[in-house]
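First the structure, in the form of structure tokens, and then the observations on it.
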């Protein structure tokens, strides 16, 4: 089941657009684009170096802000409170939408 309204919409539109693309250009060009994009991504990953995470002693660092500090910051900004309220209302709605749009599955 999708987690957001945007995910629910893409779950419906993506197959429709994919089918139209296959009809318009055929399967071979689509597969060529897919293989090419995979190769480009693989080549990029070969040249990217990620630093190893630093290992700590397992204790929470005291210089990092606490969760309460973060919550106080959010409460102090009206735009962030409104954004959280919108997300809190939108996620259940998208859950219902996802359930309504999901195909019936047999177990």
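Structure data summary
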{"item": "Computed E for residue 77/residue 17 - FRET, C-beta separation, R0 30 angstrom, nearest 0.05", "result": "0.20"}
{"item": "Estimated distance in nm for a label pair at residue 67 and residue 7, the labels positioned 7 Å out from Cα along Cα-to-Cβ", "result": "2.2"}
{"item": "Cβ-Cβ FRET estimate between residue 84 and residue 45, R0 fixed at 25 Å, reported to 0.05", "result": "0.10"}
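Computed from the coordinates by the stated procedures, all read-outs in this text should not be read as laboratory data. All values derive from a computational prediction rather than experimental measurement. Virtual Cβ from ideal backbone geometry, glycine too; neighbours counted across all protein chains shown.
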